Amino acid sequence: ELKVEQNPLFLSMQEGKNYTIYCNYSTTSDRLYWYRQDPGKSLESLFVLLSNGAVKQEGRLMASLDTKARLSTLHITAAVHDLSATYFCAVDLNQGGKLIFGQGTELSVKP
Amino acid sequence: GAGVSQSPSNKVTEKGKDVELRCDPISGHTALYWYRQSLGQGLEFLIYFQGNSAPDKSGLPSDRFSAERTGGSVSTLTIQRTQQEDSAVYLCASSLLAGYEQYFGPGTRLTVT
């Protein structure tokens with residue numbers, strides 16, 4: 001059974017600081033997604049990572065995938081308050097679309 | 001263009017009643033997915049459709065849960081004889097094809113009293 005684990009689960013940051021969220025998964029997959037969820041809202045797609053070594057960047061966020069280590073990272077550079085949200089990674093188990101989600105990382109960026 | 005829509009946005013029902021939740025996918029998307037999000041269980045896959053067929057319904061928690069999709073478009077998730085543990089946000093997503101990037105709807109918050 002595929003398990004997806006994120007850490008940390010809670011992250012309180014100061015504006016301007018850098019940090020990394022980790023997503024480990026237990027079985028082979030080369031398709032991983034990162035989503036953002038604001039309180040009371042649905043999931044917004046951030047990144048789609050489809051191969052080993054994939055790296056994608058959007059603004060202050062950068063995601064990478066290491067399929068051999070079964071690890072993805074979401075790096076936050078110079079955090080701003082607007083990044084406060086819950087971030088989920090999700091692994092596509094059989095490349096058929098069944099997503100297995102991590103527990104989510106609740107990020108709070110304080111001035 | 002229009003995104004995934006779901007209705008109702010909120011549903012309060014009494015224990016033991018049946019409920020139907022509806023999902024309208026993005027036009028042209030052939031794959032449709034149901035997930036549920038609850039405090040205790042996080043985000044869980046329920047079922048997905050490719051066209052009108054459901055190749056994977058492994059996440060349905062019990063036989064009280066069923067889903068159908070007609071015309072390769074709208075899908076309904078039906079929960080019979082609701083229980084309090086069914087209280088959750090039910091999210092629908094669609095993608096161009098199975099395995100492609102999924103776009104999520106706003107969800108239906110179900111409360112069973």
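Points worth noting:
- When the test is whether a residue is away from every other protein chain (no Cβ under 14 Å) and touching a Phe, Trp or Tyr at 6+ places or on another chain (Cβ under 8 Å), B:LEU91 does not pass it.
- Screening A:SER64 on (1) away from every other protein chain (no Cβ under 14 Å); (2) over 12 Å from the mean Cα position of the chain (by Cα) shows it passes everything except condition (2).
- Within segment A:56-67, if we keep just the residues that are in a loop (DSSP other than H, G, I, E, B) and modelled with pLDDT of 95 or more, the residue that is most open to solvent (accessible area, probe 1.4 Å) turns out to be A:ARG60.
- Test: residue in segment B:41-57 that is surrounded by 15 or more Cβ atoms within 10 Å (Cβ to Cβ), away from chain A (no Cβ under 11 Å) and either touching a Gly at 6+ places or on another chain (Cβ under 6 Å) or outside any strand (DSSP E or B) (or both): no
- Filter result for A:ASP82 (over 25 Å from B:ALA88 (Cα atoms), open to solvent by 40 Å² or more (accessible area, probe 1.4 Å) and at pLDDT 95 or above): yes
So that you can scan it fast, the table gives a plain yes or no per residue for (1) of a type in the set (A, V, I, L, M); (2) open to solvent by less than 10 Å² (accessible area, probe 1.4 Å); (3) in contact with a Ser or Thr (Cβ under 6 Å, 6 or more places away or on another chain); (4) away from every other protein chain (no Cβ under 14 Å):
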residue: A:THR20; (1), (2), (3), (4): no, no, yes, yes
residue: A:TYR25; (1), (2), (3), (4): no, no, no, yes
residue: A:ARG31; (1), (2), (3), (4): no, no, no, no
residue: A:ASP38; (1), (2), (3), (4): no, no, no, no
residue: A:LEU43; (1), (2), (3), (4): yes, no, no, no
residue: A:LEU46; (1), (2), (3), (4): yes, no, no, no
residue: A:LEU49; (1), (2), (3), (4): yes, yes, no, no
residue: A:ALA54; (1), (2), (3), (4): yes, no, no, no
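- Per this entry, B:ASP86 is not counted among residues that are open to solvent by 70 Å² or more (accessible area, probe 1.4 Å) and either of a type in the set (A, V, I, L, M, F, W, C) or more than 11 Å from chain A (Cβ to nearest Cβ) (or both).
- When the test is whether a residue is modelled with pLDDT of 95 or more and within 14 Å of chain B (Cβ to nearest Cβ), A:PHE10 does not pass it.
- In segment A:89-99, the qualifying residues are those that are touching a Ser or Thr at 6+ places or on another chain (Cβ under 9 Å) and part of a strand (DSSP E or B), and the one that is surrounded by the most Cβ atoms within 10 Å (Cβ to Cβ) is A:CYS89.
The values are calculated or read from the model by the stated rules, or taken from the named source; none is laboratory data. Only a predicted model underlies this, so the values are computations on that prediction, with no experimental measurement involved. Glycine also receives a Cβ, built like all others from the backbone with ideal geometry; neighbour counts cover every protein chain displayed. Accessible surface is based on the protein model in full, side chains and every heavy atom, while ligands, DNA and RNA are left aside. Shrake-Rupley method; radii C 1.70, N 1.55, O 1.52, S 1.80 Å.
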